[in-house]
1. How do the peptides A:50-60, B:108-118, A:166-176 rank, highest first, by the average count of neighbouring beta carbon atoms within 10 Å per residue?
2. Measuring with a 1.4 Å probe in the full set of protein chains, what accessible area per residue, in whole Å², belongs to segment B:142-244?
3. On the accessible surface of segment B:142-244, probed at 1.4 Å, how many percent belong to carbon and sulfur atoms?
4. A:SER222 to A:ILE37: FRET efficiency via 1/(1 + (r/R0)^6), r the Cβ-Cβ distance, R0 22 Å, to the nearest 0.05?
5. Working out 0.36 nm times the residue gap between B:GLN189 and B:SER125, then minus their Cα-Cα distance, what length gain in nm do you get to one decimal?
6. With a Förster radius of 30 Å, plug the Cβ-Cβ distance of B:GLU159 and B:ASP71 into 1/(1 + (r/R0)^6) and report the FRET value to the nearest 0.05.
7. Are there any helices in chain A, counted as whole DSSP H runs, that stretch 15 Å or more along their axis by Cα and score at least -1.0 on average by Kyte-Doolittle, and if so which?
8. Quick one: P(r) of segment A:12-81 from all Cα-Cα pairs, 10 Å bins, percents rounded to integers, in order of increasing distance.
Amino acid sequence: MSSYFTWEGFFAAIPLLLEYLPVTLRVTFISLVVATIIAVFVALIRVRRVPVLNMVCKCYLHIMRGLPYVVILLLVYYYLPFLVRKIFAVDINRWDKLVFAVIAFILHEGAYIGEILRAAVESVPKVQSEAAYSVGMSEMQTFFRIVLPQSVKVAIPAYGSNLVELFQNTTITFMIGAMDLIGRANTVGGATMHYIEPYLVVAVVYVIISILIELLFKFLDSKYKFGASTV
Amino acid sequence: MKKFFGKMKTIKKGVALYLAMVCGIAFLSGCGNTAKEKAATNDNTQNATTKGVTKVKFASGTINWPFCFMDENGELSGFEYDLAREVDKVLDQYEFEIVGSEWEDMLTSVKLGKIDIAAWTIKRSPEREENFLFSDEVETVQKFYLTVGANNNDIKSLEDLQDATVDGSSTEEYIYKFWEKYSKEHPEQNINIIASGNCFSDAGIEALQNGSTTALFMDDISVAGQIEKRGKVLKVVGEPLAEEYGYYVYNKDNTELKEAVDGALKELKENGVYDRLYDKWFSFVDESLETK
């Protein structure tokens with residue numbers, strides 16, 4: 001019986017897998033950026049209580065927060081092309097699997113980050129805005145000078161842990177057979193019949209990068225003193 | 001305070017207007033894009049028809065050496081992919097885009113039109129034939145044996161499996177159905193069937209070694225593949241119990257493609273290319289199984 005784990009297998013798997021790390025990072029990064037843009041609009045609508053749109057956003061948030069990642073991914077992968085063809089008469093069925101993964105992540109993260117941003121903005125007491133108006137600041141000035149700096153401080157830790165979670169959740173792309181870090185680990189396992197080594201490499205990579213992201217946000221949090229120094 | 005709320009109201013209006021504009025612009029640009037994309041896809045199909053080349057998406061697995069796997073350069077490799085590339089060469093009117101897929105995803109993707117051809121030693125079954133089109137030409141041949149751990153000398157035939165636990169991998173698989181049928185026909189043997197998900201995982205192989213499972217029903221190529229990669233952990237017992245054929249699977253309405261590929265497969269079998277590929281990937285099988 002050959003042994004289940006060999007260090008040779010472990011080290012042999014590293015270069016094969018690292019080649020696909022950029023794919024995973026790219027999926028994470030693109031999802032994060034686009035989701036944040038969506039989240040800003042969602043938060044804006046929620047904070048301002050824009051009529052109609054506020055209800056739409058509420059529905060979006062409730063649905064997305066009620067759906068597990070895997071279910072969103074499967075729905076987007078199998079059902080979205082059908083929907084798009086029905087509405088726009090465009091065939092997106094054959095797009096790369098990673099595109100569907102990114103769309104799923106964006107939909108999900110848009111809701112979560114949206115809530116983080118809304119909570120952050122609403123955490124700044126209203127009296128501060130009122131005080132700003134009373135000294136003659138405009139709405140814009142108030143938002144950018146008083147509310148935004150303080151809410152960024154509140155949002156940083158939550159945003160960071162959300163990013164770690166998003167990064168780790170990219171592993172579910174293996175459900176649809178997309179070829180990223182975890183997908184490649186599966187194939188290395190299949191080709192060598194040694195699954196433990198590639199999975200361990202994946203584990204190590206995920207732990208290292210998650211820690212790096214956490215450290216980065218801890219650093220940002222410590223650097224960003226505005227609004228906290230007086231508390 | 002009143003002034004503040006008044007201000008809020010105008011701001012609200014402003015924001016609403018702004019959002020409406022953004023949405024409008026997004027919608028318009030979206031429409032623009034879709035129109036563009038439509039034009040692009042139209043262009044593609046027009047190009048395709050003028051050149052007479054239709055794009056075909058072919059998918060097989062990525063984790064099943066030596067049928068379909070990824071080599072160390074990240075290239076899709078194995079018998080299935082080599083055969084597909086040869087089929088592509090024969091068929092001038094089609095251009096194959098070859099992609100890797102998960103087993104769970106493959107047949108659904110054929111059904112939904114995400115891929116045109118699925119190939120992974122797919123066997124016919126009444127339920128599948130109801131939903132899919134199968135090629136007429138056989139793509140792979142597998143001989144199924146009773147398979148036990150290499151250290152197991154008690155089991156010589158199916159009759160020896162008294163109160164045994166067997167691993168059928170997963171409930172919809174051919175091998176699981178074999179055990180189901182057998183245990184129904186031989187209730188006195190009291191066979192316990194489990195579905196471990198993958199009987200060839202590390203845990204599945206270990207289970208055969210330590211006796212927590214007794215036997216598998218497995219094909220020659222897969223068993224030989226395990227022996228080749230893991231060492232002598234398994235052995236086949238007795239004569240083959242069944243011979244099973246793998247076919248290409250298409251969407252129900254893809255008869256034209258099916259006919260063309262069937263023709264190509266026939267040609268490859270006649271001109272010896274098929275045999276050459278078969279030898280290239282599966283010649284080790286007899287050797288592995290005989291030296292057990």
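The values are calculated or read from the model by the stated rules, or taken from the named source; none is laboratory data. These numbers were taken from a predicted model, which means no experiment stands behind them. No Cβ is skipped: glycine too gets one built from the backbone with ideal geometry, and neighbour counts run over all protein chains shown. These accessible areas exclude ligands, DNA and RNA; they are computed on the full protein's heavy atoms, side chains included. Shrake-Rupley method; radii C 1.70, N 1.55, O 1.52, S 1.80 Å.
1. Top to bottom by mean Cβ count within 10 Å: B:108-118, A:166-176, A:50-60.
2. 43
3. On segment B:142-244, the fraction of accessible area on carbon and sulfur atoms equals 46 percent.
4. 0.25
5. Roughly 20.4 nm would be gained on extension.
6. With R0 = 30 Å, the Cβ-Cβ based efficiency is 0.10.
7. The answer, listed by residue number, is A:7-18, A:21-48, A:53-66, A:69-88, A:97-122, A:148-169, A:181-192, A:196-223.
8. Computed distribution, short to long bins: 16, 32, 32, 13, 6, 1.
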